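What follows is a set of notes on a single structure, which appears directly below.
Only the coordinates and a few stated rules stand behind these numbers; no lab work does. Keep in mind the model is a prediction, meaning the values are calculated, not measured. Ideal geometry is used to build each Cβ from the backbone, glycine not excepted, and the neighbour counts take in all protein chains shown.
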């Protein structure tokens with residue numbers, strides 16, 4: 001029957017198969033780990049987009065901080081003329097801010113060229129004619145605009161900026177504060193630039209602070225992080241934001257803390273910058289000396305530059321604050337995209353940076369984030385790959401969704417409660433990919449296994465049982481198991497004589513016509529065909545899958561087999577009459593018994609079948625052999641008859657068959673439920689019971705009279721038995737058995 005290996009071989013092959021099935025998901029897991037280590041730009045962009053959404057969902061709460069914007073807005077340009085303004089105008093603006101008591105004035109405007117409206121520049125535009133000489137001298141006698149601005153910058157705590165550039169080298173800016181390095185050199189980790197565009201030396205010398213004013217966006221163009229330090233032509237310099245904090249605190253030195261400084265370890269190669277101390281403020285940074293800007297969704301209120309120039313402002317709005325002087329006007333604002341506010345002027349971004357620094361509401365990515373994500377991916381990925389073939393797709397889907405939900409929830413809690421950035425999307429994506437891949441592997445393997453099961457058992461089991469077995473192959477316990485079964489044997493009577501009368505081809509055709517309908521009956525009753533032995537059919541119920549009413553199914557199959565045989569004999573009779581040949585009418589005997597048997601793969605290493613073994617199976621075979629002796633078509637044991645209550649059974653005898661030491665009460669099945677309810681059968685059942693009592697009590701004459709009553713009831717499937725019993729009782733009447741006779745018929749030959 002089913003060609004399945006032994007238990008040991010099956011397990012070995014199963015383990016091997018599982019390992020091969022797991023190669024693809026294991027390969028995907030390894031690739032995912034490598035990609036996470038390498039972190040290509042696509043993964044980085046997605047990770048940054050996740051962090052952006054977090055900030056959108058929970059932006060920083062705006063808190064009062066000493067930062068004020070002064071905006072050279074459209075109204076100011078309309079009132080005081082187009083840009084660039086004369087530098088003496090800017091000097092007036094700086095003086096007004098300084099007079100209001102600003103802690104620091106940060107000019108977020110690049111002043112890299114001399115003022116074109118300065119007196120010297122205007123004098124050079126006057127023709128060199130004698131009549132203009134006095135005017136030229138008068139103009140040249142005035143203080144230059146750049147000088148005026150330099151004087152204003154010197155009077156205030158002012159900070160100027162230079163632009164970063166990789167193409168224009170220019171003059172390398174100088175550092176206006178001390179720089180102390182603690183730990184590994186930070187230079188290799190800082191954002192590096194070949195040069196930059198410097199402000200006028202006259203102005204930079206007058207300013208208290210000087211830093212890089214360029215905002216460096218991420219590769220997708222969004223400004224999320226701000227550098228505290230940059231490397232320009234190998235020189236470490238501060239940014240405008242760092243200088244604003246330093247000047248506002250009147251600090252003189254930066255302390256740059258890197259890995260392997262006191263209290264910091266890199267566990268190997270240098271790990272970059274850890275933080276920057278600016279005055280009394282310690283700024284934790286990433287390894288490149290950057291901070292994540294924690295954006296608020298509320299833009300800053302700005303004072304228009306025109307209000308300061310005209311005096312129409314409240315000095316208290318500026319006193320003691322860091323004032324950012326810049327522009328939101330079109331063409332001057334240098335707008336850039338940010339996560340929360342969309343596209344905003346550089347002045348607004350700089351204010352958000354300073355507010356983040358001063359409030360101390362820092363976002364950070366912990367050093368352990370990548371390691372934790374890799375470890376979680378490795379452990380849970382391996383767990384999922386191992387569990388899915390064992391627990392199935394549904395339970396593993398629940399586990400995978402739970403893990404993803406836990407990752408999402410943990411990531412959000414870490415962000416919202418602890419300002420920690422850990423993106424869960426990659427973990428979720430890889431887990432979903434592994435689940436789908438492994439599920440597909442398991443599904444394909446399951447379909448292959450189902451196909452093998454259907455192919456192996458399709459000719460021996462009913463379609464319903466085949467599907468049950470295909471859907472749950474574990475029901476087939478390889479190597480054998482003890483089950484409560486019902487076994488049926490069916491044999492053609494007089495087959496030897498029949499085979500002598502027919503040619504081999506005719507005999508084969510007749511056997512096929514005989515076996516096919518009877519096989520259909522057994523399969524339709526959810527039986528299992530064990531084997532065909534010439535003209536004999538061996539079948540059983542309740543293995544390899546459960547058939548709860550297997551005794552009833554076996555009895556019902558026996559009755560339907562007789563009906564199918566009747567139809568076949570009628571067809572054979574019609575064919576014989578039409579062809580003028582001899583009628584080949586077939587008769588069968590059926591033996592049924594229920595009990596425990598070993599069901600499983602039986603045979604040798606070269607060939608094996610799914611079959612059953614046991615004493616209960618042998619008894620079924622013996623009963624089939626004795627059905628001819630008792631003159632009935634169906635003979636069964638009490639073990640089969642007892643659970644079935646609605647069919648027409650009659651007890652026949654107590655018999656001890658060969659190989660059995662204890663007698664067995666045997667029955668015949670004469671009809672279905674409708675016959676069992678009929679008056680004829682109920683009377684026959686009562687008389688038969690009385691007859692057996694008389695027979696076992698040696699009341700031979702009374703037993704013979706009761707047989708006569710049974711013969712008059714005309715039960716067709718019972719007549720052969722009555723004839724046999726009449727002969728036996730008459731023999732006992734003429735030659736009574738010995739005193740040790742116990743009413744048991746002993747059949748010591750097969």
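What the table shows:
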{"quantity": "Peptides 551-557, 48-54, 58-64 ordered by average Cβ neighbours within 10 Å, highest first", "calculated": "551-557, 48-54, 58-64"}
{"quantity": "Mean residue ellipticity (222 nm) of the chain, computed from DSSP H runs ≥ 4 via -39,500 (n - 2.57), nearest 500", "calculated": "-15000 deg cm²/dmol"}
{"quantity": "Value of relative contact order over the stretch 67-357, rounded to a whole percent, pairs C-alpha under 8 Å and six or more apart", "calculated": "28"}
{"quantity": "Relative packing of peptides 731-737, 559-565 - highest average C-beta neighbours within 10 Å first", "calculated": "559-565, 731-737"}
{"quantity": "Rough spin-label spacing in nm, given labels placed 7 Å along Cα→Cβ, for residue 701 and residue 298", "calculated": "12.3"}
{"quantity": "Tilt relative to the chain, helix 393-418 - C-alpha long axis, 0 to 90 degrees, to 10", "calculated": "20"}
{"quantity": "Förster-model FRET efficiency, 60 Å R0, residue 711 and residue 391, C-beta, rounded to 0.05", "calculated": "0.35"}
{"quantity": "Spacing of the two label points (7 Å from each Cα toward its C-beta) at residue 665 and residue 432, in nm", "calculated": "6.7"}
{"quantity": "Contour excess over end-to-end distance, with Cα ends at residue 282 and residue 253 and 0.36 nm allotted per residue", "calculated": "9.2 nm"}
{"quantity": "Percent RCO, i.e. relative contact order, over the chain, from Cα pairs under 8 Å lying at least 6 residues apart", "calculated": "12"}
{"quantity": "Residue exposure sequence - 528, 259, 420 - by fewest surrounding Cβ within 10 Å", "calculated": "420, 259, 528"}
{"quantity": "Burial order of peptide ranges 182-188, 314-320, 240-246, 225-231 (average beta-carbon count within 10 Å, highest first)", "calculated": "240-246, 225-231, 182-188, 314-320"}
{"quantity": "Antiparallel %, DSSP beta bridges [both residues in the stretch 156-285], to 5", "calculated": "55"}
{"quantity": "Residue exposure sequence - 533, 724 - by fewest surrounding Cβ within 10 Å", "calculated": "533, 724"}
{"quantity": "FRET efficiency, 1/(1 + (r/R0)^6) with R0 56 Å, evaluated for residue 581 and residue 646 via beta carbons", "calculated": "0.85"}
{"quantity": "Förster radius 30 Å - calculated FRET efficiency between residue 735 and residue 493, Cβ distance, rounded to 0.05", "calculated": "0.50"}
{"quantity": "Principal axis dimensions, the stretch 480-747 - Cα atoms, whole angstrom, descending", "calculated": "57, 53, 36"}
{"quantity": "Additional length obtainable on full extension of the chain from residue 629 to residue 440, 0.36 nm per residue less Cα span", "calculated": "62.1 nm"}
{"quantity": "Antiparallel %, DSSP beta bridges [both residues in the chain], to 5", "calculated": "65"}
{"quantity": "Between helix 550-579 and the chain: long-axis angle, C-alpha atoms, 0 to 90°, nearest 10", "calculated": "60"}
{"quantity": "Residue 549 versus residue 679: modelled label distance in nm, points set 7 Å from Cα along the beta carbon direction", "calculated": "2.9"}
{"quantity": "For 741, 292, order by how many other beta-carbon atoms lie within 10 Å, fewest first", "calculated": "741, 292"}
{"quantity": "Candidate values (1) 28.6; (2) 31.3; (3) 35.6, label of the one derived for Kirkwood radius over Cα pairs in Å", "calculated": "(3)"}
